[in-house]
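Colleague: Input: one structure, supplied below.
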Amino acid sequence: MHTPILLQTKIKIPVPRSGGVRRQRLLDRLNRTTDGRLALVCAPAGFGKTTLIGQWAEQSSSKIAWYSLDETDNDLMKFWRYAIHALQAHLPPGFGERMEPLLQAYPNVAMPTILDALLQELEEREEGGLLTLVLDDYHTISAAFIHDSVGYLIDHLPEGVRLVIASRSELPLSTTSKWRVRGKLIDIGSRQLEFTEEETRRFCQDTSGLRLSDERIQLLQKWTEGWAASLQLLVLTLKEHEDPDRFFLQYSGSDRGLIQYLLEEVLGQLPADIRRFLLRTSILSRFDAECCEAVTLGNDSRAMLDRLQRLNLFLVPLDDTQGWYRYHHLFSMFLKTQLLKEDPELAVALHRLAADHLAGRSLLEEALEHSLEAGDIGTAIGLLGAQISSVIERGEWSTLLRWMNRLPTEALPFQIRLLYAFTLIVTGQFESAAEELRRLERFAADAEPGEERQEMRSSLFFAKINLAFSSGDYEQWYSYADRIPDMLPESPLLYRFNYNTNEPFVRRTAFGLRGMQTPETEAIAGRIIGILDSHGWGQSLFTQYIVQSLAEGYYEWDRLGDSRRLLRRIEPIARKHRIAGLLVPNLVAAARLQWAEGSEKEAHRTIEDTIELVRDELREPRWLAPLHAFQAGLHLRAGNTALAETLLSSLKLAAPNKPSLMKNLEYLTYARLLGAKRKEKDALGLLETLNRLNRREGCIVGIVDAEALQALLNAQRGYRSEAFAHLGEALALGEANGYIRAFVDEGEPMRSLLMQFKEQRNREEHRGISEEYLERLIGRFPLKEAPMPSERLIEPLSPKESAVLLEAVRGAANREIADRLHLTEGTVKVYLSRIYGKLGVSSRIQALRRAEELQLFE
């Protein structure tokens, strides 16, 4: 798995400036976050928001995770990847490694599902005490989907976890008003951040040694209105002014505004070398001495940075070692404006220098940003191509679109344009993607015959399959597929693209259509596999994932032979690729098939071998939990409750009322364990939440599994109407998708419940389920004829009566019984009447129940 390169300076707590004024009244206010879940520090630039929160973080007893935001963080995956990285130091080992596959699975996994996994990690943290995530400069975030995700996090924060958000503007989060009304939100605005007269006095003394009279302190207070940035600029101006008294007499305000006036005053008073350094380095969003030397073309940057710190010139250290810095945002904006005013061509040249330097240090994202600012299209395209694979693997689609949208499409190479179309598909912009693919198809058609054109066709084929699966427009893809006459060469990125990073069943993924399966989807999958096989892509990961999804679907349809054939095809290729996202589902499906065919020992051996393979060879420990859960499920089916409980207890699942969809199999198995221990109420509470999460994700297979188990647990505790309601939900989805094994694998309790349900099918709430489907389901349960315990019957059943009753138990209707036993339908009714009498019952459903009680068939 690719390990993302993250800038450590973005998650370091800013180093407080020495000699800064300690504002205890505001620190005390922030300390009240222990009583709430959110603190908002909102004020315009220059009010000291970051300084205040940094001081609070330094003295707080809370564990602090800090994330400094900027405009490049308007990418959902990038945002949460950094937030998770910031939290990592305060959470159990492996937290980041566990979350990364989920981030890479987006958008195939819904964002709330990923956040649920994060919230569960926060819930399960072993260290006590308060944990605070600080989001600084949140005003730079404009993406609505990030606002929604932050709101979701706030609404579901566990006890002991808080957020502190600093922003120049009010947060566009609908949830804040709710928590404000409940008294769980602390507001610190510009009025609270204004320096008091006493704080102004201490600021002048502590930062610059200025001891001013009460009258002049009051004058400063009037001019600045307590605004920290203007106060700092005034103090700098006074300190360097030849005659401070004269300054007070002359200054009475400026039409240009106080800040603009003071900035110009400060810059004008600086030595030429410092002024030059500030202007040339202003184009850098962050910098160290090396970066500064690249744009200043000097060799004294380390000393210059030390001078700036001594002069207190709005330099913000970004790490403990004082290696990286940025300018205060207000000062930075002023310097950039001044540079563009004085020499716009120099600004472009400086961006080029910065891009070259940062690229040489493998800081490719920052290098690309500078090349775009410089308008250097060629360099930007090269930098984009160098990192596009890793950006796609990280799932940072918004970042990719932002870069590509700043480049002229016609200048982009074919493969990058294709990946642009692929990005549009992933982000749901299907019409734009289809239009771009049509343009690329025309481009490929006009290309010279040869290997390059074949590679174009190969890539287009791949992209069009993805568009078809995502948009449902299969007809357009069919028309394109029919025109592919030649072999499709491997595309290094597309051929090996991994579609599963976290699911033990491919059918649960978006690639596996989340459990939807119809004759149409089967035909499409078969067609795609055939074309891929015949055009050289038979060994590709893409093909194997389609085959695996189809194999799992065949198992669900109870076409065990077809499933086995496809699983055997995949296994050697999956072992060769050594991709756990394919190999684990393949081996789990094989074990499931073995169990269904009565080879219980082989199923256990397959899972044990898979666990050993994942642990010792693949070394991907995140797959061990679902494998152990599946293993526990096998033990539960065999009645080994104690062994199953031992396995599940090692997984350290969170409280049952807070399951995560990322651990669906683990929680589903845990619910089965609770049911086996007759703790139905606890199990049903867990399943209700799990079912809701599956519905949110649109995961059909997950909904059917949860509803079916809820039905069984309600039946087990005697709540028949609730059992039928849940069973009806499961059957409705099951019939629409041809599900068989989801019910048959539940064994005899499900068969009995289905038979009871069948008798009640004419009730209003159950009429949507066809009798044919119910009979087909009941007929698939394995039943063995057993000796008749005649001593418990009023009168022994004759062989023919036994045969009739056995067919009825299997769910056959009277007409089917007559056909199978070569009787008339009237004769069947006569036999059933006799059977009722011998069993001491008066109806078919009672007869079936009585036969079950007497264990007439095993």
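The values are calculated or read from the model by the stated rules, or taken from the named source; none is laboratory data. No experiment lies behind these values; they were computed from the predicted model shown. We place every Cβ from the backbone using ideal geometry, glycine too, and count neighbours over all the protein chains shown.
Colleague: When you check TYR545 against the structure, is it outside the structural domain of GLU455 (by TED's automatic domain parsing), in a helix (DSSP H, G or I) and either touching a residue at least 24 places away in the same chain (Cβ under 8 Å) or out of contact with any Gly (no Cβ under 9 Å at 6 or more places or on another chain) (or both), yes or no? Talk me through it step by step, then tell me what you get.
Modeller: Values: outside the structural domain of GLU455 (by TED's automatic domain parsing): yes; in a helix (DSSP H, G or I): yes; either touching a residue at least 24 places away in the same chain (Cβ under 8 Å) or out of contact with any Gly (no Cβ under 9 Å at 6 or more places or on another chain) (or both): yes.
Yes, satisfied.
Colleague: Considering only the stretch 646-693, state which residues are of a type in the set (Ser, Thr, Tyr), surrounded by fewer than 20 Cβ atoms within 10 Å (Cβ to Cβ) and within 22 Å of LEU119 (Cα to Cα). Spell out the reasoning first.
Modeller: Narrowing the stretch 646-693 to residues of a type in the set (Ser, Thr, Tyr): 646, 649-650, 660, 667, 669-670, 689.
If we keep only those that are surrounded by fewer than 20 Cβ atoms within 10 Å (Cβ to Cβ) as well, we get 646, 649-650, 689.
The answer is SER649, SER650, THR689.
Colleague: A further question follows. Restricting to the stretch 813-858, name every residue that is closer than 18 Å to GLN760 by Cβ and assigned to a loop (DSSP other than H, G, I, E, B).
Modeller: Scanning the stretch 813-858 gives ALA813, VAL841, SER842, SER843.
Colleague: Another question about this same structure. Residues of the stretch 312-327 being in contact (Cβ under 8 Å) with a residue 60 or more places away in the chain, over 17 Å from GLN8 (Cα atoms) and among the aliphatic types (A, V, I, L, M), which ones?
Modeller: Residue satisfying the conditions is LEU313 alone.
Colleague: Are there any pairs, at least 6 apart or on different chains, whose C-beta atoms fall under 8 Å, with the first in the stretch 398-409 and in contact (Cβ under 8 Å) with a residue 24 or more places away in the chain and the second part of a loop (DSSP other than H, G, I, E, B) and exposed (fewer than 15 other Cβ atoms within 10 Å of the Cβ), and if so, which?
Modeller: That search, which allows pairs on different chains as well, returns SER398/ALA143.
Colleague: Give me the helices (runs of 4 or more DSSP H) completely within the stretch 679-755, filtered to those with at least 2 residues that are charged (D, E, K, R), in contact (Cβ under 8 Å) with a residue 24 or more places away in the chain and in contact with a Pro (Cβ under 7 Å, 6 or more places away or on another chain), ordered by residue number. Before you say what the answer is, go through the steps one by one.
Modeller: Numbers: elements: 680-697, 700-716, 720-737, 741-744.
By residue number, 680-697.
Colleague: Would you say GLU520 is within 30 Å of ARG98 (Cα to Cα), among the acidic types (Asp, Glu), at pLDDT 80 or above and under 31 Å from the mean Cα position of the chain (by Cα)? Full working, then the answer.
Modeller: Working: within 30 Å of ARG98 (Cα to Cα): no; among the acidic types (Asp, Glu): yes; at pLDDT 80 or above: yes; under 31 Å from the mean Cα position of the chain (by Cα): yes.
It is false that GLU520 is within 30 Å of ARG98 (Cα to Cα), among the acidic types (Asp, Glu), at pLDDT 80 or above and under 31 Å from the mean Cα position of the chain (by Cα).
Colleague: Which members of the stretch 31-52 meet the condition of being of a type in the set (Val, Ile, Thr) and crowded, with 22+ Cβ neighbours inside 10 Å? Before you say what the answer is, go through the steps one by one.
Modeller: We begin by selecting, within the stretch 31-52, every residue of a type in the set (Val, Ile, Thr); these are 33-34, 41, 50-51.
The one that is of a type in the set (Val, Ile, Thr) and crowded, with 22+ Cβ neighbours inside 10 Å: VAL41.
Colleague: Something else now. Of the numbered conditions (1) buried (at least 19 other Cβ atoms within 10 Å of the Cβ); (2) at pLDDT below 80, LEU185 satisfies every one except a single condition; which is it?
Modeller: Status for LEU185: all satisfied but (2).
Colleague: Would you tally the residues in the stretch 148-163 being closer than 19 Å to GLY128 by Cα and either buried (at least 18 other Cβ atoms within 10 Å of the Cβ) or touching a Leu at 6+ places or on another chain (Cβ under 9 Å) (or both)?
Modeller: The first filter runs over the stretch 148-163 and keeps only residues closer than 19 Å to GLY128 by Cα, leaving 156-163.
The next check asks that each one be either buried (at least 18 other Cβ atoms within 10 Å of the Cβ) or touching a Leu at 6+ places or on another chain (Cβ under 9 Å) (or both); those that pass are 156-158, 160-163.
Of the residues in that region, 7 qualify.
Colleague: Look through GLU393, GLU366 and report the one residue that is at pLDDT 90 or above and among the acidic types (Asp, Glu). Please lay out each step first, then the result.
Modeller: Details: GLU393 fails: at pLDDT 90 or above.
After applying the criteria, what remains is GLU366.
Colleague: Scanning for something surrounded by fewer than 16 Cβ atoms within 10 Å (Cβ to Cβ), within 25 Å of the chain's Cα centre (by Cα) and free of Cβ contacts under 8 Å to residues at least 24 places away in the same chain, does the stretch 412-424 turn up at least one residue?
Modeller: Step one: list which residues in the stretch 412-424 are surrounded by fewer than 16 Cβ atoms within 10 Å (Cβ to Cβ), which gives 413.
Now narrow it down to the ones that are within 25 Å of the chain's Cα centre (by Cα): none.
Looking through the stretch 412-424, none of the residues is surrounded by fewer than 16 Cβ atoms within 10 Å (Cβ to Cβ), within 25 Å of the chain's Cα centre (by Cα) and free of Cβ contacts under 8 Å to residues at least 24 places away in the same chain.
So that you can scan it fast, the table gives a plain yes or no per residue for (1) more than 29 Å from the chain's Cα centre (by Cα); (2) surrounded by 20 or more Cβ atoms within 10 Å (Cβ to Cβ); (3) of a type in the set (Ser, Thr, Tyr); (4) assigned by TED's automatic domain parsing to the domain that holds THR207:
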{"position": "LEU26", "(1), (2), (3), (4)": "yes, no, no, no"}
{"position": "GLY54", "(1), (2), (3), (4)": "yes, yes, no, no"}
{"position": "LYS78", "(1), (2), (3), (4)": "no, yes, no, no"}
{"position": "HIS90", "(1), (2), (3), (4)": "no, no, no, no"}
{"position": "THR113", "(1), (2), (3), (4)": "no, yes, yes, no"}
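Colleague: Consider LYS800 against the criteria (1) at pLDDT below 75; (2) not in a loop (DSSP other than H, G, I, E, B): it satisfies all of them except one. Which criterion is unmet?
Modeller: LYS800 satisfies all of (1) at pLDDT below 75; (2) not in a loop (DSSP other than H, G, I, E, B) except (1).
Colleague: Which one of these is without any contact (Cβ under 8 Å) to a residue 40 or more places away in the chain, part of a helix (DSSP H, G or I) and surrounded by 15 or more Cβ atoms within 10 Å (Cβ to Cβ): LEU305, LEU330?
Modeller: So the residue among LEU305, LEU330 that is without any contact (Cβ under 8 Å) to a residue 40 or more places away in the chain, part of a helix (DSSP H, G or I) and surrounded by 15 or more Cβ atoms within 10 Å (Cβ to Cβ) is LEU305.
Colleague: Please state which of the following conditions ILE377 fails to meet, knowing it meets all the rest: (1) within 30 Å of GLN476 (Cα to Cα); (2) in contact with a helix residue (DSSP H, G or I) (Cβ under 6 Å, 6 or more places away or on another chain); (3) β-branched (Val, Ile, Thr).
Modeller: Among (1) within 30 Å of GLN476 (Cα to Cα); (2) in contact with a helix residue (DSSP H, G or I) (Cβ under 6 Å, 6 or more places away or on another chain); (3) β-branched (Val, Ile, Thr), the lone unmet condition for ILE377 is (1).
Colleague: Looking at ARG622, ARG592, ARG578, ARG568, which one is at pLDDT 90 or above, surrounded by fewer than 21 Cβ atoms within 10 Å (Cβ to Cβ) and of a type outside the set (A, V, I, L, M, F, W, C)? Walk me through it before giving the result.
Modeller: Details: ARG622 fails: at pLDDT 90 or above; ARG592 fails: surrounded by fewer than 21 Cβ atoms within 10 Å (Cβ to Cβ); ARG578 fails: at pLDDT 90 or above.
Result: ARG568 is the single residue among ARG622, ARG592, ARG578, ARG568 that is at pLDDT 90 or above, surrounded by fewer than 21 Cβ atoms within 10 Å (Cβ to Cβ) and of a type outside the set (A, V, I, L, M, F, W, C).
Colleague: Name, by its number, the condition in (1) in a strand (DSSP E or B); (2) free of Cβ contacts under 8 Å to residues at least 40 places away in the same chain that does not hold for THR132.
Modeller: All conditions pass for THR132, except number (2).
Colleague: Also, quick follow-up: Here are the criteria: (1) touching a helix residue (DSSP H, G or I) at 6+ places or on another chain (Cβ under 8 Å); (2) over 24 Å from GLU697 (Cβ atoms); (3) part of a loop (DSSP other than H, G, I, E, B). Tell me which single one GLN88 does not satisfy.
Modeller: (3)
Colleague: Return the residue satisfying two criteria in turn: it lies in the stretch 828-858 and is modelled with pLDDT of 75 or more and of a type in the set (Phe, Trp, Tyr), and of such residues it is nearest to the chain's Cα centre (by Cα).
Modeller: Checking each candidate, the answer is TYR836.
Colleague: When LEU249 is evaluated against the numbered criteria (1) modelled with pLDDT of 75 or more; (2) not in a loop (DSSP other than H, G, I, E, B), which criterion, by number, is the only one it fails?
Modeller: (1)
Colleague: Hey, does the stretch 334-348 have a residue that's in contact (Cβ under 8 Å) with a residue 60 or more places away in the chain, among the aromatic types (Phe, Trp, Tyr) and more than 13 Å from LEU278 (Cα to Cα)?
Modeller: no
Colleague: Further question: Does the stretch 573-581 contain at least one residue that is small (Gly, Ala, Ser), within 16 Å of GLU666 (Cα to Cα), touching a residue at least 40 places away in the same chain (Cβ under 8 Å) and assigned to a helix (DSSP H, G or I)?
Modeller: Looking only at the stretch 573-581, we keep the residues that are small (Gly, Ala, Ser), and these are 574, 580-581.
Restricting the remaining residues to those that are within 16 Å of GLU666 (Cα to Cα) gives none.
No, because not a single residue in the stretch 573-581 is small (Gly, Ala, Ser), within 16 Å of GLU666 (Cα to Cα), touching a residue at least 40 places away in the same chain (Cβ under 8 Å) and assigned to a helix (DSSP H, G or I).
Colleague: Here is a further query. Within the stretch 712-737, can you find the residues that are in contact with a Gly (Cβ under 9 Å, 6 or more places away or on another chain) and under 18 Å from SER770 (Cβ atoms)?
Modeller: GLY728, LEU731, ALA732, LEU733, GLU735, ASN737, listed by residue number.
Colleague: Taking only the stretch 416-464 into account, find how many residues are within 22 Å of GLY395 (Cα to Cα) and assigned to a loop (DSSP other than H, G, I, E, B).
Modeller: Within the stretch 416-464, residues that are within 22 Å of GLY395 (Cα to Cα) and assigned to a loop (DSSP other than H, G, I, E, B) number 3.
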